[in-house]
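All remarks here apply to the structure that follows.
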Ligand code: FES
Ligand code: FES
């Protein structure tokens, strides 16, 4: 089937089955490999994108559920105010280790700050609890989110 999906401000014509996960389209059809495949079961957060600003696991989001929604991926999150602050704080705090989980972490953190500019520790833990980091960068992630919040 033919779908038109809005990603990072651009409309993409996609010919795929409606139950194809958005993650597959991003990576395999459009070559946007910044969004990562981890578990494929909504358990790790590596594939997180924004759907109308809401952090969403793209591995379990079929493209026929998207309608006219605006998708934002890691490739464009720096164009948003919250995303730019998060990315700067990530660099300042040297958050990244192997990096595999980090695009998903940044997408969840940016969605949090966009909806809640001054999150508490509990807010941060709630928003980030679905993003797994095998390198254990959780302490630096929390520090970076706080730094980004102070910059707003
Ligand atoms: S790949 Fe989607 S949550 Fe793990
Ligand atoms: S930085 Fe390696 S899995 Fe998170």
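Read-outs throughout are calculated quantities, based only on the coordinates presented, and are distinct from any laboratory measurement. These numbers come from a predicted model, not from an experiment. We place every Cβ from the backbone using ideal geometry, glycine too, and count neighbours over all the protein chains shown.
Just a few scattered comments:
- Note on 12, 50, 118: ascending count of other Cβ atoms within 10 Å places them as 118, 12, 50, the fewest first.
- Per-residue Cβ neighbour rank within 10 angstrom, fewest leading, 27, 134: 134, 27
- Residue 43 paired with residue 147, simple spin-label distance in nm, labels 7 Å along Cα-to-beta-carbon: 3.3
- For the options 13, 55, 81, a Gaussian network treatment of the chain with springs between C-alpha atoms closer than 10 Å singles out 13 as fluctuating the most.
- Helix axis angle, 102-115 relative to the chain longest principal axis, alpha carbon, degrees: 80
- Helix 81-92 axis, angle to the chain major axis (alpha carbon atoms, nearest 10°): 60
- By the count of other C-beta atoms within 10 Å, a proxy for reagent exposure, 152, 103 are ordered fewest to most as 152, 103.
- Theoretical ellipticity at 222 nm over the chain - DSSP helices of four or more residues, -39500 (n - 2.57) apiece, nearest 500: -9500 deg cm²/dmol
- Between residue 52 and residue 94, the modelled label-to-label distance comes to 4.2 nm, taking each label 7 Å out from Cα in the direction of the beta carbon.
- Among beta bridges that DSSP assigns inside segment 1-130, antiparallel share in %, nearest 5: 85
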